[in-house]
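Chemist: Dropping a structure here in structure tokens format, bear with me for questions.
Since every read-out is calculated from the coordinates, none of them should be taken as a lab result. Since we're looking at a predicted model, the values are computed, not measured. Here Cβ is always computed from backbone atoms with ideal geometry, including for glycine, and neighbour counts include all displayed protein chains.
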Amino acid sequence: MKIHTLIHTALVAEAKPIIGHFKLTCKAKQPFNLYEGDGIALIVSGMGSENTQNALVYALSLYEPCVAINIGIAGCVDKTVAKGTLFCTTHEGLGIPFASCSSHEKAVENALHVKTTLVDMEADTFIQILPKNIEAYVFKIVSDHLESSIPNKTDVGNWIGKSIKQWEKYVRR
């Protein structure tokens, strides 16, 4: 199957609404959850830089996409930004609000050392691993304001599901 777009999520809860929306079917559970559909592949890496790197290296050994999208949740230092708000962290002027994002190995609970609006665990590695000839987009949804509590899976799924219409135009089939 010719894959034009590779979508990456860290969490199954992030992947579920995308799998349903694009009618993707499961191709593998090991070494990563991998789904395919009409010109699209989706890989679920697990959280963190190392998992992201390993998943992308694996996916790029199978596919030669022209577009890659990382979609997932992120903490936000600005408490006035509502949970569920979608940002693009790689491109300005898409009609989606732009925000800076930095990746950290552990959940960040103190904004003092953060110089970006958003924090996550995967975006930096996602951008670094992809070959430069692949058009890369990172979309992040605010899930928390650096609290220690973990967002529930239902909220995560709902936020991702609501965001798809805003970023799906960047998916190539």
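Chemist: Students often get this wrong, so check it: of LYS106/LYS132; LYS23/LYS162; LYS79/LYS169; LYS132/LYS169, which have C-alpha atoms separated by over 24 Å?
Modeler: Working: LYS106/LYS132 27 Å; LYS23/LYS162 16 Å; LYS79/LYS169 29 Å; LYS132/LYS169 21 Å.
Beyond 24 Å: LYS106/LYS132; LYS79/LYS169.
Chemist: Please build a GNM for the chain, connecting alpha carbons under 10 Å apart, and tell me which residue among LEU11, LEU146, LEU60 fluctuates the most.
Modeler: Evaluated over the chain, the most mobile residue of the options is LEU60.
Chemist: Give the shape of the range 19-81 as rounded, prolate or oblate, defined through the alpha-carbon gyration tensor: a ≥ b ≥ c are the square roots of its eigenvalues, a/c under 1.5 means rounded, and otherwise the shape is prolate if a/b is larger than b/c and oblate if not. Provide the component values of the computation, followed by the final result.
Modeler: Values: a/c = 2.06, a/b = 1.54, b/c = 1.34.
Since a/c reaches 1.5 and a/b is larger than b/c, the shape of the range 19-81 is classed as prolate.
Chemist: Something else: Using the alpha carbons of the chain, what is the convex hull volume per residue in cubic angstrom, as a whole number?
Modeler: 107 Å³
Chemist: With springs only between Cα atoms under 10 Å, which of CYS26, CYS88, CYS101 fluctuates most in a Gaussian network model of the chain?
Modeler: Among CYS26, CYS88, CYS101, the largest GNM mean-square fluctuation belongs to CYS26.
Chemist: Grab the other residues whose beta carbon is less than 11 angstrom from that of VAL108, score K and R as +1, D and E as -1, and report the net. Could the numbers behind the result be given before it?
Modeler: Values: positive: LYS106; negative: GLU105, GLU109, ASP120, ASP144, GLU147.
With Lys, Arg at +1 and Asp, Glu at -1, the net is -4.
Chemist: Let me ask something else. Contour minus end-to-end for LYS169 and ASN152, with contour as 0.36 nm per residue of separation and end-to-end as the Cα-Cα distance?
Modeler: Once the chain is fully extended between LYS169 and ASN152, it gains 3.4 nm.
Chemist: Here's a follow-up. Once you sort the root eigenvalues of the Cα gyration tensor of the range 90-141 as a ≥ b ≥ c, which label holds: rounded (a/c under 1.5), prolate (a/b larger than b/c) or oblate (the other case)? Please report the intermediate quantities before stating the final value.
Modeler: Working: a/c = 2.77, a/b = 1.39, b/c = 2.00.
Oblate, because a/c is 1.5 or more while a/b does not exceed b/c.
Chemist: So which chymotrypsin sites (Phe, Trp or Tyr not before Pro) in the range 22-62 pass both tests, a DSSP loop state and at most 13 other Cβ atoms within 10 Å of the Cβ? Kindly include the intermediate steps, with their values, before the conclusion.
Modeler: Numbers: sites: PHE22, PHE32, TYR35, TYR58; in loops: PHE22, PHE32.
Those that pass, being in a loop and sparsely packed, number zero.
Chemist: For a footprinting-style exposure proxy, rank HIS8, HIS104 by other Cβ within 10 Å, fewest first. It would help to have the intermediate numbers written out before the result.
Modeler: Values: HIS8 29, HIS104 16.
Taking fewest neighbouring Cβ atoms as first place, the list is HIS104, HIS8.
Chemist: Within the range 1-30, list the trypsin sites (Lys or Arg not before Pro) lying in a DSSP loop whose Cβ has at most 16 other Cβ atoms in a 10 Å radius. Numbers along the way, then the final one.
Modeler: On the way: sites: LYS2, LYS23, LYS27, LYS29; in loops: LYS2, LYS23, LYS29.
For trypsin sites (Lys or Arg not before Pro) across the range 1-30 that sit outside H, G, I, E and B with at most 16 neighbouring Cβ atoms in 10 Å, the list reads LYS2, LYS23, LYS29.
Chemist: Then there is this: Would you work out if the range 110-172 is rounded, prolate or oblate? Take a ≥ b ≥ c from the square roots of the eigenvalues of the alpha-carbon gyration tensor; rounded if a/c is under 1.5, else prolate when a/b is larger than b/c, oblate otherwise. Could the numbers behind the result be given before it?
Modeler: Values: a/c = 2.51, a/b = 1.21, b/c = 2.07.
Because a/c hits 1.5 or more and a/b fails to exceed b/c, the range 110-172 counts as oblate.
Chemist: Report the relative contact order of the chain, percent, no decimals, based on alpha-carbon pairs under 8 angstrom and at least 6 residues apart. Each step should come with its number before you reach the end.
Modeler: Details: 355 pairs, mean separation 50.2, N = 173.
Worked out over the chain, it gives 29 percent.
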